[in-house]
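*Asks:* This is the structure, below, for whatever I ask next.
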Amino acid sequence: MPKRDHRLESAMGYLELGMVEDAEQELIALEPGRAGEREVLILWLELWSATARWNKAVEVARTLAQMEPDEADWQIRLAYSTRRAFSILDAEKILREAMERFPKESLIVYNLACYACQLGRMDEARRLLRKAFEMNPTHYRGAHEDDDLKPLKAEFALLLSGGEGMVP
């Protein structure tokens, strides 16, 4: 039976409770040689994201993406952090490259639709959002609450149905 890792479990519990300072103290108290472990990195990414320390989140997400290049989620998390730390254009570049490697990952397409919408490229945003809805209809529910997509909200039903026209 593997030994329980109390510090890691405590850090995870504190993060789940929103007690970020306590979680950070538990992570700092881990043995230095553990800093590069997958589970530790994931908790740091959660902590940096929860505390809006986006530059640090970018570093950790990049490390995870390099450790697990076949895991699309790390590319998504890297783009999300990059958008907040640097720019939406930098984040978009990450996701465009990720879309080539993970063409069936609907969340990449959805996020690219958000970026296109925010950058004023509405026709591209519509096309990508329609594709995201086709790939995974559950994105339709989330889109209603997504501030990035507010300019297209009136068109969601038409986009979901695959209609080509626009709702005035």
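*Asks:* Are there any pairs with C-beta distances below 6 angstrom linking a residue in the stretch 62-84 that is under 19 Å from residue 104 (Cα atoms) and touching a residue at least 24 places away in the same chain (Cβ under 8 Å) to a residue that is part of a helix (DSSP H, G or I) and open to solvent by 20 Å² or more (accessible area, probe 1.4 Å), with the two at least 6 apart or on different chains, and if so which?
*Replies:* Hits for this filter: 76/107; 79/94.
*Asks:* Okay, moving on. Suppose we filter 52, 61, 85 for residues that are closer than 30 Å to residue 118 by Cα, touching a Ser or Thr at 6+ places or on another chain (Cβ under 6 Å) and of a type outside the set (Asp, Glu); which single one remains?
*Replies:* 61
*Asks:* Next question, about the same structure. If we scan the stretch 1-9, do we find a residue that is at pLDDT below 95 and under 28 Å from residue 107 (Cβ atoms)?
*Replies:* Checking the stretch 1-9: at least one residue is at pLDDT below 95 and under 28 Å from residue 107 (Cβ atoms).
*Asks:* Sort out which residues of the stretch 147-168 are open to solvent by 40 Å² or more (accessible area, probe 1.4 Å), more than 20 Å from the chain's Cα centre (by Cα) and either within 21 Å of residue 83 (Cβ to Cβ) or modelled with pLDDT of 90 or more (or both), and write them in order of number. Before the answer, list the steps.
*Replies:* Step one: of the stretch 147-168, the residues open to solvent by 40 Å² or more (accessible area, probe 1.4 Å) are 147, 150-151, 153-154, 157-158, 160-161, 164-168.
After this cut, where a residue has to be more than 20 Å from the chain's Cα centre (by Cα) as well, the list is 151, 153-154, 157-158, 160-161, 164-168.
Hits for the stretch 147-168 are 151, 153.
*Asks:* Let me ask something else. Within the stretch 136-146, which residues are in contact (Cβ under 8 Å) with a residue 12 or more places away in the chain and either more than 17 Å from residue 105 (Cα to Cα) or crowded, with 17+ Cβ neighbours inside 10 Å (or both)?
*Replies:* 139, 143, 144, 146
*Asks:* Against the condition open to solvent by 40 Å² or more (accessible area, probe 1.4 Å), in contact (Cβ under 8 Å) with a residue 24 or more places away in the chain and either part of a helix (DSSP H, G or I) or among the hydrophobic types (A, V, I, L, M, F, W, C) (or both), how does residue 115 come out, does it pass?
*Replies:* Criteria not met by residue 115.
*Asks:* Now for a separate question. One residue is enough: does the stretch 22-44 have a residue meeting the conditions closer than 27 Å to residue 111 by Cα and touching a Lys or Arg at 6+ places or on another chain (Cβ under 9 Å)?
*Replies:* yes
The values are calculated or read from the model by the stated rules, or taken from the named source; none is laboratory data. Keep in mind that this is a model prediction, so the values were computed, not measured. When we count neighbours, we look across all protein chains shown, and the Cβ atoms used for this are built from the backbone with ideal geometry, even at glycine. Accessible surface is based on the protein model in full, side chains and every heavy atom, while ligands, DNA and RNA are left aside. Shrake-Rupley method; radii C 1.70, N 1.55, O 1.52, S 1.80 Å.
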